[in-house]
């Protein structure tokens with residue numbers, strides 16, 4: 001549907017360019033968030049305000065928003081959801097978790113093993129040092145996992161991680177959520193029904209073969225799956 | 001006061017109104033007063049605002065009529081979440097390019113039936129006060145009498161006077177230029193900007209029931225009324241000079257029409 005209004009939120013360590021292929025395939029108006037384009041935030045609220053600043057024209061025109069987020073863009077989408085209320089039409093979360101789901105995973109040793117790289121970034125000061133001294137190693141590891149971005153975005157990860165704490169809240173939405181998990185994602189285990197019940201009343205889970213950056217690996221499939229999901233949302237509405 | 005200065009105060013007021021209007025869109029059921037105040041602060045930071053006379057306040061539902069407010073701590077933003085179909089008030093006083101402004105706005109969701117009627121009644125009372133307050137400033141009565149007249153008007157309209165619960169029961173206060181290099185906040189009030197106002201005196205800067213201040217100057221006036229289940233207010237800058245009083249916004253509109 002051409003009346004759809006999409007809002008794409010990228011993850012670590014990407015920029016808005018990660019959405020180019022998918023954006024072209026999704027019918028409707030698109031807004032994208034690019035962390036590297038915003039003034040350095042001082043708190044989680046600054047980040048929310050930056051998101052809402054991008055969405056302000058659409059919200060002023062009383063448009064309903066469909067948030068498509070990936071990786072660490074997903075907790076941001078969940079932080080935004082309460083402020084959008086009934087203006088949030090649906091959410092599509094790709095290989096990412098809500099803050100509550102992250103918390104529940106802290107008790108999962110398998111997930112902790114996959115998230116080994118998170119620890120230094122969640123410690124103030126250590127994240128910046130890691131970026132300064134371990135940049136090349138980190139970049140190499142990420143490229144092995146399918147990352148195709150630019151190395152300067154590493155500093156954003158630190159930012160994300162610190163600000164992520166400010167964004168942590170027990171978000172829950174009454175809008176419908178499509179959670180897509182890749183079975184070969186090197187960083188995250190697929191989402192479970194119990195985890196989805198923590199945050200949404202109405203949801204679909206799709207587990208698909210693929211790696212972490214599905215929007216780059218198979219954008220056509222993803223666009224089709226999103227269109228199918230939205231058809232269901234529109235019919236229900 | 002120079003016209004250019006008044007224009008700067010008006011620009012500050014317009015920016016503040018824009019930010020509060022924008023923030024009101026994000027006051028959705030489930031969002032707390034604290035969260036919305038943090039968001040408004042962030043929105044001001046995005047606009048380049050660094051200092052505040054007072055940081056933003058948000059009062060949701062029955063808190064907007066200062067129900068059971070006893071100490072100044074009760075005015076602080078709380079974890080109370082906005083419920084569906086509740087009215088709310090947003091109030092902020094940023095220092096924009098060295099000019100203090102203070103704006104308060106009331107918002108209501110899509111009310112229906114009796115609550116809608118009550119909200120419309122409140123709007124009418126506030127509109128009436130908007131018309132009558134400049135005339136009161138232009139009349140012979142003292143500032144303390146202005147406070148009493150507004151109080152009588154609210155009572156006659158069967159509405160509660162909620163501004164009597166503000167510190168010093170103020171209906172308004174003066175504003176000045178302020179340029180703090182650093183700012184510390186006590187109960188959300190910027191000590192730098194507050195000190196700037198207080199350097200001119202205390203009671204002469206406030207429009208309270210016992211004030212003996214001259215009327216001339218620039219004031220932020222904030223009548224606040226309480227209705228059944230919620231409160232409503234407006235806050236705007238009014239300039240009084242040579243026995244003539246005008247809201248800054250109207251002064252600007254008149255000038256534009258003149259041009």
Do the conditions hold for residue A:129, that is, is it farther than 17 Å from residue B:43 by Cα and touching a strand residue (DSSP E or B) at 6+ places or on another chain (Cβ under 9 Å)? no
Take residue A:148 and decide whether it is within 23 Å of residue A:182 (Cβ to Cβ), assigned to a helix (DSSP H, G or I) and modelled with pLDDT of 80 or more. no
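Look at residue B:98 and say whether it is closer than 24 Å to residue B:227 by Cβ, more than 14 Å from chain A (Cβ to nearest Cβ) and in contact with a strand residue (DSSP E or B) (Cβ under 8 Å, 6 or more places away or on another chain). Before the answer, list the steps.
Working: closer than 24 Å to residue B:227 by Cβ: no; more than 14 Å from chain A (Cβ to nearest Cβ): yes; in contact with a strand residue (DSSP E or B) (Cβ under 8 Å, 6 or more places away or on another chain): yes.
Taking the combined requirement at face value, the residue does not satisfy it.
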Residues of the range B:18-46 satisfying the condition of being closer than 23 Å to residue B:219 by Cα and surrounded by fewer than 17 Cβ atoms within 10 Å (Cβ to Cβ): B:18, B:21
For the range B:70-82, check the following and say yes or no: at least one residue is closer than 24 Å to residue B:206 by Cα and buried (at least 22 other Cβ atoms within 10 Å of the Cβ). no
For residues in the range A:77-88 being within 14 Å of another protein chain (Cβ to nearest Cβ) and within 30 Å of residue A:187 (Cα to Cα), which is nearest to the chain's Cα centre (by Cα)? A:78
(1) under 28 Å from residue A:194 (Cβ atoms); (2) in contact with a strand residue (DSSP E or B) (Cβ under 6 Å, 6 or more places away or on another chain); (3) within 12 Å of chain B (Cβ to nearest Cβ): which one isn't true of residue A:58, the others all being true? (1)
Subset of the range B:14-71, residues in contact with a helix residue (DSSP H, G or I) (Cβ under 8 Å, 6 or more places away or on another chain), over 24 Å from residue B:249 (Cα atoms) and either away from chain A (no Cβ under 14 Å) or not in a helix (DSSP H, G or I) (or both), comes to B:26, B:27, B:28, B:29, B:30, B:31, B:59, B:60, B:63, B:66, B:68, B:69
Screening A:208, A:192 for residues that are over 22 Å from residue A:16 (Cα atoms) and modelled with pLDDT of 95 or more leaves only A:208
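For residue B:180, state whether it is in a loop (DSSP other than H, G, I, E, B), surrounded by 17 or more Cβ atoms within 10 Å (Cβ to Cβ) and either modelled with pLDDT of 95 or more or in contact with a strand residue (DSSP E or B) (Cβ under 6 Å, 6 or more places away or on another chain) (or both). Can you show your working first?
Working: in a loop (DSSP other than H, G, I, E, B): yes; surrounded by 17 or more Cβ atoms within 10 Å (Cβ to Cβ): yes; either modelled with pLDDT of 95 or more or in contact with a strand residue (DSSP E or B) (Cβ under 6 Å, 6 or more places away or on another chain) (or both): yes.
So residue B:180 passes the test.
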Any idea which of A:81, A:58 is closer than 20 Å to residue B:31 by Cβ, in contact (Cβ under 8 Å) with a residue 40 or more places away in the chain and buried (at least 24 other Cβ atoms within 10 Å of the Cβ)? A:81
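Looking for whichever is under 14 Å from the mean Cα position of the chain (by Cα), in a strand (DSSP E or B), closer than 30 Å to residue A:189 by Cβ and more than 9 Å from chain B (Cβ to nearest Cβ) here; the options are A:92, A:74. Which one fits? Let's see the steps before the verdict.
Numbers: A:74 fails: in a strand (DSSP E or B).
After applying the criteria, what remains is A:92.
I'd like the full set of residues that are part of a loop (DSSP other than H, G, I, E, B), within 13 Å of chain B (Cβ to nearest Cβ) and modelled with pLDDT of 85 or more, limited to the range A:30-55. Walk me through it before giving the result.
In the first step, residues of the range A:30-55 are kept if they are part of a loop (DSSP other than H, G, I, E, B); the result is A:34, A:38-43.
Next, from what is left, pick out any that are within 13 Å of chain B (Cβ to nearest Cβ): A:38-43.
Of everything in the range A:30-55, nothing turns out to be part of a loop (DSSP other than H, G, I, E, B), within 13 Å of chain B (Cβ to nearest Cβ) and modelled with pLDDT of 85 or more.
The values are calculated or read from the model by the stated rules, or taken from the named source; none is laboratory data. Source: prediction; values computed, not measured. Cβ atoms come from the backbone with ideal geometry, glycine included; neighbour counts cover every protein chain shown.
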